[in-house]
């Protein structure tokens, strides 16, 4: 039986969606129709959201789950009149914290994803630009500035990992693709030797890699299982022989990948006041 799940917010809905997804993932035997409704910042928009929630209740014959980070009391009260079950992801924690700290919270809309400070904003943009410019080994001359260099075969998750490190942590992350010529030996490409201490490898199950590559280039040698298996086996031999830490990305989320990389490499978050 399918059930509606709504992520409701005064702003982008990133916090509500992230926390809601984490909670729903604990119930993988159930099917949810997930809807993100951001920028509910007026009574009119709140009533429109209620209509969608009530329609889902009728369609599925059960009460939708509502994951909310709504701050505005008027908006929240309107939503509470719907046919959904409300999970208030902020006030569940904010109210007890106000009591324990002895002060009132700011109740500021969008505070969790605000710019915070110009220094944080600049760090994030600089890191993002760096990762984009240094994607797939395009410009090696910038490698001395890298905090970390992600290695892997094509479609193993290098680019999204670098972008996540940049956006979430302000980390200068470059990536280098290991191609057939590199995989013929268990040695590192010479261009990477000076940066050995900055290297971290990604690998992936061959069948998962084949599936990803087929979506990009079906009916090609690039997407054949034998080619995928060869590349994965070869790249893992390089990692082991060169003692490069590496991670299998097959069943790991980008958030988990970046966290593991930070723990393994000893890098720390550059952005201040972020969590």
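The values are calculated or read from the model by the stated rules, or taken from the named source; none is laboratory data. Keep in mind it's a predicted model, so treat the numbers as computed, not measured. In this analysis, Cβ positions are derived from the backbone assuming ideal geometry, glycine residues included, and neighbour counts consider all displayed protein chains.
Do any helices (runs of 4 or more DSSP H) lying entirely in region 165-255 carry at least 1 residues that are in contact (Cβ under 8 Å) with a residue 40 or more places away in the chain and in contact with a strand residue (DSSP E or B) (Cβ under 7 Å, 6 or more places away or on another chain), and which ones are they? Let's see the steps before the verdict.
Working: elements: 180-183, 206-216, 225-241.
Counting at least 1 such residues, we get 225-241.
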> Of the residues 166, 173, which single one is modelled with pLDDT of 95 or more, closer than 30 Å to residue 14 by Cα and in the same structural domain as residue 132 (by TED's automatic domain parsing)?
Replying inline: 173
>> Being in a strand (DSSP E or B) and on the phi > 0 side of the Ramachandran plot is the filter here; which residues of region 134-164 pass it?
In response: 152
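Residue-wise test of (1) under 21 Å from the mean Cα position of the chain (by Cα); (2) surrounded by 13 or more Cβ atoms within 10 Å (Cβ to Cβ).
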{"residue": "212", "(1), (2)": "yes, yes"}
{"residue": "220", "(1), (2)": "no, no"}
{"residue": "224", "(1), (2)": "no, yes"}
{"residue": "230", "(1), (2)": "no, yes"}
{"residue": "236", "(1), (2)": "no, yes"}
{"residue": "239", "(1), (2)": "no, yes"}
{"residue": "244", "(1), (2)": "no, yes"}
{"residue": "265", "(1), (2)": "yes, yes"}
